[in-house]
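A short write-up of the structure that comes next.
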Amino acid sequence: MGIELKKIGVIGAGQMGSGIAHVCALAGFDVMLSDISMDRIESGLASINGNMARQVQKGQISEADRDGALGRLSAAPDIDMLADVDMVIESAVENEQIKRKIFSQLCPILKPEAILATNTSSISITRLAASTDRPERFIGIHFMNPVPIMELVELVRGIATEDETFELAKGFVRKVGKKMAVAEDFPAFMVNRILLPMINEAIYTLYEGVGSVESIDTAMKLGANHPMGPLQLADFIGLDTCLSIMQVLYEGLADSKYRPCPLLVKYVEAGWLGRKTQRGFYDYRGDVPVPTR
């Protein structure tokens with residue numbers, strides 16, 4: 001393939017995309033952050049700036065590290081500005097049709113040797129790759145949230161992913177300071193295949209009246225030594241994302257045990273998506289989160 005990864009494009013300036021741009025810039029890559037509006041990009045860059053400032057305060061990075069990383073970050077409000085990047089990491093909403101639309105716009109402008117990666121947490125890599133002009137140079141690189149803190153990256157090959165693409169992706173993961181777990185291309189891969197059904201079952205436990213929001217989260221924190229209760233974690237992930245992943249599992253594996261809880265569907269329909277909308281299983285509009293059920 002004869003390509004060296006130096007310049008990275010990140011599509012999606014939300015929590016995940018800005019986190020990916022953050023670690024890439026700190027690792028020495030030139031990074032272009034793209035989204036559907038300049039306001040979103042500026043919000044993402046502001047988040048990166050603030051998060052790096054906290055890392056400096058905690059002694060995790062130096063002020064020089066921060067300044068250097070911020071200097072390697074730039075905005076790409078027009079997708080055509082990604083034409084010369086060596087790899088693009090798509091980190092848009094967990095919706096297959098939206099991702100396909102992004103790839104259809106992106107592929108014609110990329111140089112032929114550029115790698116195309118997706119941060120999808122559940123959707124088939126093989127199927128996404130087949131919608132592009134470079135399935136052999138397509139791979140899943142699934143970061144965990146929050147990206148600057150979480151150590152793991154799931155690396156997922158599609159059926160057409162070439163060995164050279166896989167090796168380049170492994171080198172990239174190592175350079176950004178993460179540890180990798182290689183997963184096969186099955187719905188939701190490994191982490192979310194295990195995690196989301198647990199969250200969904202916690203929501204069923206709430207739905208059936210077995211316990212309240214507070215009691216369920218307390219039970220799992222103190223009884224299973226989880227750092228965060230499953231309903232609080234669902235709010236942190238985003239209830240729309242939780243529902244999307246459960247739908248991928250339910251449809252992809254055709255097993256009733258993955259049926260999304262009706263209460264999860266209801267919260268998403270209400271627009272109560274968790275922390276990002278200030279209401280989910282907790283109400284975050286006051287000084288202290290308050291359970292909504």
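Structure notes:
- Label-point gap, in nm, between ASP39 and SER104 - each point 7 angstrom along Cα→Cβ: 2.6
- Applying 1/(1 + (r/R0)^6) with R0 = 30 Å to the Cβ-Cβ distance of ALA254 and SER62 gives a FRET efficiency near 0.05.
- Derived scalar couplings ³J(HN,Hα) [the range 213-221; Karplus, 6.51 cos²θ - 1.76 cosθ + 1.60; whole Hz; x for Gly, Pro]: 3, 5, 5, 5, 5, 5, 4, 6, 6
- Distribution of pairwise C-alpha distances over the range 191-291, 10 Å bins, in %: 17, 51, 29, 3, 0
- Spatially proximal aspartates and glutamates relative to LYS111 (Cα-Cα < 18 Å; intrachain offsets below 8 disregarded): GLU4, ASP30, ASP78, ASP80, ASP84, ASP86, GLU90, ASP133, GLU136, GLU162, GLU164
- In this label model, GLU214 and LEU152 are separated by 3.1 nm, measuring between points 7 Å along each Cα→Cβ vector.
- Computed from the C-beta positions of ASP30 and HIS226, the FRET efficiency with R₀ = 35 Å rounds to 0.35.
- Expected 222 nm ellipticity per residue - DSSP helices of 4 or more, -39500 (n - 2.57), all of the chain, to 500: -14000 deg cm²/dmol
- Above-threshold pairs, the threshold being 31 Å between Cα atoms, out of LYS175/LYS266; LYS6/LYS58; LYS58/LYS99; LYS101/LYS221; LYS178/LYS266: LYS175/LYS266; LYS58/LYS99; LYS101/LYS221; LYS178/LYS266
- Of all DSSP beta bridges confined to the range 7-183, the antiparallel ones make up roughly 15%.
- Going through (1) 20.2; (2) 15.3; (3) 18.0, the figure that equals mean projected area of the Cα convex hull in nm² as computed for the structure here is (2).
- FRET efficiency estimate (nearest 0.05) - Cβ-Cβ, ALA270 to MET190, R0 41 angstrom: 0.85
- Projected label distance in nm at ALA83 and GLU113, using a 7 Å step from Cα toward the beta-carbon: 1.8
- Applying the Karplus relation 6.51 cos²θ - 1.76 cosθ + 1.60 with θ = phi - 60° to the range 238-243 yields 3J(HN,Hα) values of x, 5, 5, 5, 4, 5 Hz, where x marks Gly and Pro.
- Between GLU201 and ALA75, residue separation times 0.36 nm minus the direct Cα-Cα distance comes to 41.3 nm.
- Here the gap between ARG54 and ASN95, fully extended at 0.36 nm per residue and compared with their Cα-Cα distance, gives a gain of 11.6 nm.
- Net charge over other residues, Cβ less than 12 angstrom from the Cβ of ASN51 (K, R count +1; D, E count -1): +3
- Order by protection proxy (mean Cβ within 10 Å, highest first), peptides 120-126, 163-169: 120-126, 163-169
Only the coordinates and a few stated rules stand behind these numbers; no lab work does. Everything numeric here is computed off the predicted structure, so don't read it as measured data. Heads up, the Cβs are rebuilt from the backbone with ideal geometry, glycines too, and the neighbour counts pull from every protein chain shown.
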